[in-house]
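Comments concern the structure below.
The values are calculated or read from the model by the stated rules, or taken from the named source; none is laboratory data. These numbers come from a predicted model, not from an experiment. For the accessible areas, the whole protein counts, side chains as well, though only heavy atoms, and no ligand, DNA or RNA atoms are used. Shrake-Rupley method; radii C 1.70, N 1.55, O 1.52, S 1.80 Å.
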Amino acid sequence: MESIVPGMFARAKAGHDKGSLYLIVKTEPEYVYLADGRRRPLSKPKKKKWKHIQIIKKIRMEKPQDGYRDLEIKRTIKKYQEEANV
């Protein structure tokens, strides 16, 4: 099984944000921290349990030297959603 690392994208499977797409910014043994650049910026990531997310292996963001930026996350999520709805 492939390890789950920051930079991968995930979709929320449970909670009020069910179906939302996020970037994994940090992992812990029991939790992941998610950001979407809009409602959940990098300064205030969403904390979710592993079992409440579904990993999307089609897309991945490499971490730039100076770190992720909210605008880049928003653009990547928007681009993926547009391609998926075509």
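For the chain, rounded, prolate or oblate, judged on the Cα gyration tensor with a ≥ b ≥ c (square roots of eigenvalues), a/c < 1.5 rounded, else prolate if a/b > b/c?
rounded
Determine the share of the chain's accessible area contributed by carbon and sulfur atoms, expressed in whole percent, with a 1.4 angstrom probe.
47
Relative contact order of the chain, please, whole-number percent, based on alpha carbon pairs below 8 angstrom and at least 6 residues apart.
The normalised contact order for the chain reaches 28 percent.
Using the heavy atoms of the protein chains alone and a 1.4 angstrom probe, what is the accessible area of the chain per residue in square angstrom?
69
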